[in-house]
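Notes to accompany the following structure.
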Amino acid sequence: MLKQVLKSGSTYRTLLTIQRNFLSEAYLCREAWQARLSTPVLSKVNHEALYYELEQKFQQKNKVSAIDIDIYANKLVDDSHIDEVADLMYKFRLTEEASNILHSTQHAVARNYIEHSHYAELIEMLDNRIGYGVFLDDFTANLALDRLVTTNEFKWAARFATLLGLQEDFSNPITRSLATYGCYRYVKGDEIDHFDDLIPPPPADPAEEKKKKKNEVKVRVKFLRNEYFDDHFDLRDSKLLLGKTFCTLGLNWGTGVVGDSCKLLGLVLHQKWTKAVEYTCGKGLEINGDVVKLVRTFLEKVENKEDEDYTRLVEAVGKIESSVKVNNDSFEKLLLGEVNKSVADNEQRQITEQVKIYSDWCEVRQQRLEEELARLQRAKRIQDVERVAREMEQEEQKLWFFENEDKIDLQIDSKKVFYPKRWFGKKKKPRVVDEGYIPPEVRQRQEQQ
């Protein structure tokens, strides 16, 4: 937000000019999004009562339907229930109904976090894909990246871009341009030596570490599994993850100054020296001059400089200005131009599609709710029929007891369980007691007398 103060006599005017986002206000589709609250499904729902009902279902049955979670997530209008919805999503992920989650549920959760600037919590949820099962769609990704890059929060923008890069899907032009711009501004900024802040390590518990040292137990195992590193989802180093993201962005950009520059920058950040050398030897490359300088800066900060491929790459970068066509335009301006172009070409179309998606989601929610109610009513009718059948059977037994007395006795005998006799070993013969037996001491005493 820019503040401009104008002085006129003894009065001051403060004009506040709101910083313009790349995406227009119409892209938010607020009317279409708020229309969900007026539907019959959500208008009659008490948010607090629904939360306690869901908690009871988790505690008693450990089973909640996907439509219940969707209604709770879409009923959110503020950030007062951020922790509650995250807890419910985590518990729901552990149930058998997790595969039936609706797309509107993930969208509602992500949009609510973004609108209230809970970026750290959302990133934690997105990073734990197995625990929460929440993913960004094109609309929420564009919304988050647009807000972050226009507020100079390039660290968060780069983190969102890396999460999208792991899915290897930058097919949306607006997402691709915003992610590239956010990542480039992050690696170009003052945080160049602090990439580890992008993915902070989990805090260590001193008490737990002390306990492990005291109660260390060594267990013999048959074999040890070989360590496996997939160089994708296992990446936790910020610099390597950014390099992987730049490579994916470069592949999605294709040939050209932006695509070629992103590929080279990504290979260097990912420390793929051999591939980088092979790439610089290609023909028809068009690398931006700002990216070449940035690549040189990264290469100078590498700790292990004894690698042969690294040495070859340094030489290749030194000759890159003469071997390939270097674009001396500002790379940041090129990316800004691509962002504005992608927004101008695709914004209106995506707004129309998103409004239709919101309408379709309301219909799907109503349909799924009716199906769930029909299922519950069917299960209730089956229980009632079984209960009436049991009561009629008991009443019949009372009315016809004396006519069926023999049959009932046979049924009772058939239900008796006869356990086999247990064998306690071979029985010993009882000792024979001689009533005329006289101890030797007594007999000797009688003879002496």
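The values are calculated or read from the model by the stated rules, or taken from the named source; none is laboratory data. Note that this is a predicted model, so its numbers are computed, not measured. Glycine gets a Cβ as well: all are built from the backbone with ideal geometry, and neighbour counts include every protein chain shown. Side chains included, ligands, DNA and RNA excluded: accessible areas come from the protein's heavy atoms. Shrake-Rupley method; radii C 1.70, N 1.55, O 1.52, S 1.80 Å.
Just give me the residues in segment 325-378 being in contact (Cβ under 8 Å) with a residue 12 or more places away in the chain and surrounded by fewer than 11 Cβ atoms within 10 Å (Cβ to Cβ), in sequence order. The answer is 328, and nothing else. Tell me the residue from 266, 282 that is under 18 Å from residue 183 (Cα atoms) and of a type outside the set (S, T, N, Q), please. Every option except 266 fails the conditions. Within the set 435, 441, the sole residue that is modelled with pLDDT of 85 or more and not small (Gly, Ala, Ser) turns out to be 441.
When residues in segment 81-139 are screened for being on the phi > 0 side of the Ramachandran plot and open to solvent by less than 60 Å² (accessible area, probe 1.4 Å), 1 of them pass. Select from segment 391-405 the residues that are assigned to a loop (DSSP other than H, G, I, E, B) and either open to solvent by 90 Å² or more (accessible area, probe 1.4 Å) or small (Gly, Ala, Ser) (or both) and list them in ascending order. Hits for segment 391-405 are 400, 402, 403. Taking the stated definitions as given, is residue 262 touching a Leu at 6+ places or on another chain (Cβ under 9 Å), under 16 Å from residue 161 (Cβ atoms), touching a residue at least 40 places away in the same chain (Cβ under 8 Å) and open to solvent by less than 80 Å² (accessible area, probe 1.4 Å)? Yes. Filtered by the rule that a residue be surrounded by fewer than 15 Cβ atoms within 10 Å (Cβ to Cβ) and more than 20 Å from residue 31 (Cα to Cα), segment 62-80 gives 62, 63, 80.
Quick one: count up the residues across segment 56-74 that are modelled with pLDDT of 90 or more and under 21 Å from the mean Cα position of the chain (by Cα). Number satisfying all stated conditions: 12.
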